[in-house]
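Read-outs throughout are calculated quantities, based only on the coordinates presented, and are distinct from any laboratory measurement. Nothing here was measured: the structure is a model prediction, and the numbers come from that model. Here the Cβ positions follow ideal geometry from the backbone for every residue, glycine too, while neighbour counts run over all protein chains shown.
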Amino acid sequence: MRIIFSLVIYIFINKSLLYAEINKQEISQEVGSAVVFMYHRFGDDRYPSTNITTQQFEKHLEYIEKNSFNVWPLSKIVRYVIEKKKLPVKTVALTIDDAYISTYTEAYPRLKAKNFPFTVFVSTNAVDSSSKNYMHWNEIREMSKNGAEFANHSLTHDYLLPREDESKGEWKGRIKTEIQGAQKRLHEELGNKANENPKLFSYPFGEYDKNVNKVLEELEYIGITQTSGVLSRDTNLRTLPRFAMAEAYGDIEDFILKINTLPLPIESVSPTEPIVTTHNPPLLELKLKRVIDNLQCYISSGEKIETEWMSDTEVRIQAKNPLKAPRDRYTCTAPAKEGRWYWHSNLWIIK
């Protein structure tokens, strides 16, 4: 689905002109925004949906270096958002989920060579298992001394949404155990300051709902999603967006497009609940802060969604056909200045 979506975006944007335009001039990033990327595996072609080739990754890092981006740990960017401080232009964070062994063997040496900080979200039970597929704590400690920070990705990487066979109390106890148990292990292995300023939590499978968000708020965690988009000072602290990178959409043209995106200037979104039950396809309503021309929206397959403008700044977005389980997205883009694009993506979880 994402392959088709990327192809549609390329055709619409004209990637050859984009590449030439971005490389011939310095890009001035919109105040208060940063782009965050998410990786999983490196150089492991057994899992193409979550893997990036080492050649692709090297090109990403080379582009960042040659174009003088500010590479920050995600925690530093989030602190700026919380404190309403102005982010420097061209700020980017590199994050990695799950702590697979290729993070240590392939990504870490390349990141260390360029002195780039990065953030790894750890499902601690997998590391505790001593499996050859995951990093070990000694490797994690070594990386933490050389530019890496480690954050919370739950104990077991279980789904956080309520199960049919559990009460609300059982559900809340389960996800608190997942979050607090993983934080305890991070502290035991890395020290009590690990993942504390602020406390970052990456949702397993990128899934959440309002109730999960409330638990994170209660426990004072920042919620990190797998939904594409640009982080800004207006971003909800329980649903921070990231651009996922994998083989099918990790070529340099796609990376250049995304690292130079801007947040779509949104005043409000309705609904804020991503769960889709009876009303499928769901209706999304956006109210923009100002007039934006040529807004185009797509579902994950690349199928274009018709938009209905209620005013110059209010738009209704609804796919033609029901979305397929388990997850889908509405992604909306619009041209900005200097060959760049505004971007907003909305997650739907189909029950």
*Straight-line reach from Lys324: which lysines have a Cα under 24 Å away, not including same-chain ones fewer than 8 places off?*
Lys210, Lys304, Lys351
*Mind checking which lysines have their C-alpha under 22 Å from Lys86, skipping anything on the same chain fewer than 8 residues away?*
Lys76, Lys199, Lys258, Lys289, Lys337
*Along region 78-85, what does the Karplus equation 6.51 cos²θ - 1.76 cosθ + 1.60 (θ = phi - 60°) give for ³J(HN,Hα), rounded to whole Hz, x for Gly and Pro?*
5, 4, 4, 5, 4, 8, 6, 8
*For region 241-351, what is the charge dipole size about the Cα centre, in debye to the nearest 20, if Lys and Arg each add +1 at the Cβ and Asp and Glu each add -1 at the Cβ?*
240 debye
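Tell me, in nm to one decimal, what length is gained between Thr307 and Lys132 on full extension, where the rule is 0.36 nm per residue of separation less the Cα-Cα distance?
On the way: separation 175, 0.36 × 175 = 63.00 nm, distance 4.86 nm.
This chain segment gains 58.1 nm when fully extended.
Roughly how many debye, to the nearest 20, is the charge dipole of the chain about its Cα centre, given +1 on each Lys and Arg Cβ, -1 on each Asp and Glu Cβ, and no other charges? Mind showing how you got there, number by number?
Numbers: 46 positive and 46 negative charges, 121 e Å.
Charge dipole of the chain: 580 debye, to the nearest 20.
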*Relative to the compact-globule scaling 2.2 N^0.38 Å, provide the ratio for the alpha-carbon radius of gyration of region 28-259.*
0.97
*Where q = 0.21, 0.25, 0.28, 0.32 Å⁻¹, what log10 of I(q)/I(0) comes from the Debye formula for region 205-249, counting one point per Cα?*
-0.71, -0.90, -1.04, -1.18
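Pairs to check: Lys132/Lys176; Lys59/Lys114; Lys66/Lys90; Lys90/Lys112; Lys114/Lys145. Give those whose C-alpha atoms are more than 24 Å from each other in this structure. Don't skip to the end; give the middle numbers.
Numbers: Lys132/Lys176 28 Å; Lys59/Lys114 12 Å; Lys66/Lys90 12 Å; Lys90/Lys112 20 Å; Lys114/Lys145 15 Å.
Listed pairs above 24 Å: Lys132/Lys176.
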*Pull up the cross-link candidates among the aspartates and glutamates for Lys320, meaning alpha carbon to alpha carbon under 19 Å and not fewer than 8 places away within one chain.*
Glu285, Glu303, Glu306, Glu308, Asp328
*³J(HN,Hα) across region 198-211 via Karplus (A = 6.51, B = -1.76, C = 1.60, θ = phi - 60°), whole Hz, x for Gly/Pro?*
x, 7, 9, 9, 9, 5, x, 6, x, 9, 7, 9, 4, 5
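Where does the chain land at 222 nm, in deg cm²/dmol rounded to the nearest 500, when only DSSP H runs of n ≥ 4 count, each adding -39500 (n - 2.57), divided by all residues?
Values: 10 runs with 103 residues, N = 351.
After summing the helix terms and dividing by residue count, I get -8500 deg cm²/dmol.
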*Quickly work out the Tyr47-to-Glu314 label distance, labels modelled 7 Å from Cα along the C-beta direction, and quote it in nm with one decimal.*
4.5 nm
*How do the peptides 223-229, 103-109 rank, highest first, by the average count of neighbouring beta carbon atoms within 10 Å per residue?*
223-229, 103-109
